[in-house]
C-alpha cells in the first residue's frame with residue numbers, strides 16, 4: 001500500500017478528520033507525524049525514508065539535505081503550497097525526485113485581492129467613506145484625492161506568471177491599456193503589450209502592479225529611480241512580495257503625496273508598528289497579506305481547488321502518468 005507521510009513541528013494544517021485527509025486515505029496510508037520538533041534530523045530522515053510520498057507545505061519540517069543522497073522509498077514530494085524553498089532543499093530537486101506544488105491555486109484569490117486594492121485606491125474609497133462618516137454626501141471625499149477610471153489607463157505589470165495572467169483576465173474587462181515587463185514569459189495574453197525594460201514599464205505606466213517572484217534578481221528591483229519615472233498620482237499595487245520594492249523610497253513618495261499605493265505585502269512580516277505614521281497617509285492602503293483569503297466562513301469543510309490539484313497529481317503518480325506543476329530547478333529558483 002502507498003504510504004504518505006506529513007511531518008510537522010507543530011499541529012498539522014491537514015485536519016486528521018477533514019475532507020482532504022479522508023480523500024488521501026482513499027489512495028493509501030496517511031501518517032501525520034505532528035509535534036516533531038524534538039526529533040533530530042536523523043530521526044526525521046529515518047521516518048521519511050519509509051514513505052513513498054512526502055506531503056509538505058510552508059509549515060512542515062524541512063526535509064534534510066541527506067534525503068537527496070539516499071531517498072529510501074521516497075519517489076515523490078507533494079507540496080501543498082506555492083514556494084517549495086522552505087520545506088524542500090534544492091538538492092532534492094537536483095537529485096531527480098519528483099516535486100510538485102499547488103500550481104495556479106492562489107491565482108483567483110490573489111488577483112481578486114489586487115483588483116480590490118486597485119479599485120479602492122483608484123476610487124479613493126478610504127477618503128470617500130471617511131467623508132460620508134463625517135456627513136459629507138457630495139463632492140470630493142474628506143481627503144480630496146483624485147478618483148479615476150481604469151478605461152484607457154496605462155496599467156503596467158511587472159511579471160506575468162500564473163497569477164499575473166489571471167489578473168489580466170480580470171482587469172481587461174475594464175479596458176485599460178496593458179503593458180508587461182517579464183523577460184521569462186515566452187508568451188503574453190493577447191490584451192498585453194510587451195516592453196523590454198523596467199525603465200520602459202515605469203516610464204509609460206500610470207499604474208504598476210507587481211507580480212514578479214522574489215529572487216536575488218528582483219529583490220529591491222523597484223528602485224527610487226524607477227518610482228520617480230511614474231507620473232504624479234500614479235498607483236503602485238503589490239500583492240507579491242514586499243522586498244521587491246525599495247520600501248523606503250516608496251514611502252518617501254507616499255509621504256510626499258506624489259504617488260498612491262495599495263500594499264498587501266511589506267518588507268519583513270507585512271506589518272507596520274502601531275503608531276507608524278504611514279498608517280495615517282490618505283494615499284496608502286495596507287492589508288497585511290490578508291486580502292487574498294479564499295475561505296468562506298459559512299461553508300462546511302470541503303475540498304478546495306488546491307486539494308483537487310494535489311489529489312489529481314497523486315492519482316497521476318500512482319498511475320504512472322505525467323505530473324502537473326512539476327518543480328524543476330529553474331521554477332524552484334523563481335518561486336517565492
* **Rounded to 10°, Cα long-axis angle of helix 305-319 versus longest principal axis of the chain** => 30
* Structure fact -> So residue 321 and residue 288, fully extended at 0.36 nm per residue minus their Cα-Cα distance, gain in nm 7.9 nm
* To do: Report the extension gain between residue 1 and residue 223 in nm, rounded to one decimal, defined as 0.36 nm multiplied by the number of residues separating them, less their alpha carbon distance.
  => 74.5 nm
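First measure r as the distance between the Cβ atoms of residue 119 and residue 25, then evaluate 1/(1 + (r/R0)^6) with R0 = 45 Å and state the FRET efficiency to the nearest 0.05.
On the way: r = 43 Å, r/R0 = 0.96.
After rounding to 0.05, the efficiency reads 0.55.
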* To do: Compute the separation of the alpha-carbon centres of segment 52-91 and segment 196-211 and state it in Å as a whole number.
  => 36
* To do: Give the angle, between 0 and 90 degrees and rounded to the nearest 10, that separates the Cα long axis of helix 162-171 from the longest principal axis of the Cα atoms of the chain.
  => 40
* To do: Compute the length gained on full extension between residue 175 and residue 70: take 0.36 nm times their separation in residues and subtract their Cα-Cα distance, giving the result in nm to one decimal.
  => 32.4 nm
* Asked: Quick one: helix 107-122 against the long Cα principal axis of the chain, what's the angle to the nearest 10°, folded into 0 to 90?
  -> 20
* Pull out a ≥ b ≥ c, the square roots of the eigenvalues of the alpha-carbon gyration tensor of segment 189-300, then state rounded if a/c is under 1.5, prolate if not and a/b is larger than b/c, and oblate in the remaining case. => oblate
* Structure fact -> Listed with the fewest Cβ neighbours within 10 Å leading, 111, 12 appear as 12, 111
* Where does the chain land at 222 nm, in deg cm²/dmol rounded to the nearest 500, when only DSSP H runs of n ≥ 4 count, each adding -39500 (n - 2.57), divided by all residues? -> -8500 deg cm²/dmol
* Asked: Given the chain, what percent of its DSSP beta bridges are antiparallel, to the nearest 5?
  -> 5
* Would you work out the relative contact order for the chain, in percent, from Cα pairs under 8 angstrom that are 6 or more residues apart? => 17
* Structure fact -> Per the C-alpha gyration tensor (a ≥ b ≥ c, the square roots of its eigenvalues), segment 219-282 is rounded if a/c is under 1.5, else prolate if a/b beats b/c, else oblate; here it's oblate
* Which one of 70, 17, 52 has the biggest mean-square fluctuation once the chain is modelled by GNM with Cα springs under 10 Å? -> 17
* For 193, 62, what's the fewest-to-most ordering of other Cβ within 10 Å of each Cβ? -> 193, 62
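Among 167, 202, 174, 317, which comes first, second and so on when ranked by fewest other beta-carbon atoms within 10 Å?
The order, fewest Cβ neighbours first, is 174, 317, 202, 167.
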* So for segment 1-99, what percent of the C-alpha to C-alpha distances run longer than 24 Å? -> 13
* Ratio of the Cα radius of gyration of segment 107-286 to 2.2 N^0.38 Å, where N counts its residues -> 1.00
* Value of relative contact order over segment 107-286, rounded to a whole percent, pairs C-alpha under 8 Å and six or more apart -> 21
* **Whole-angstrom gap from segment 147-166 to segment 216-246, using each part's C-alpha centre** => 14
* Asked: Once the Cα atoms of the chain are picked out, what are the Rg and Dmax in Å?
  -> 22.4, 70
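Values quoted throughout were computed directly from the atomic coordinates according to the rules given, and no laboratory measurement underlies them. Because the structure is a prediction, the values reported are computed rather than measured. Every residue, glycine as well, gets a Cβ built from its backbone with ideal geometry; the counts of neighbours run over all protein chains shown.
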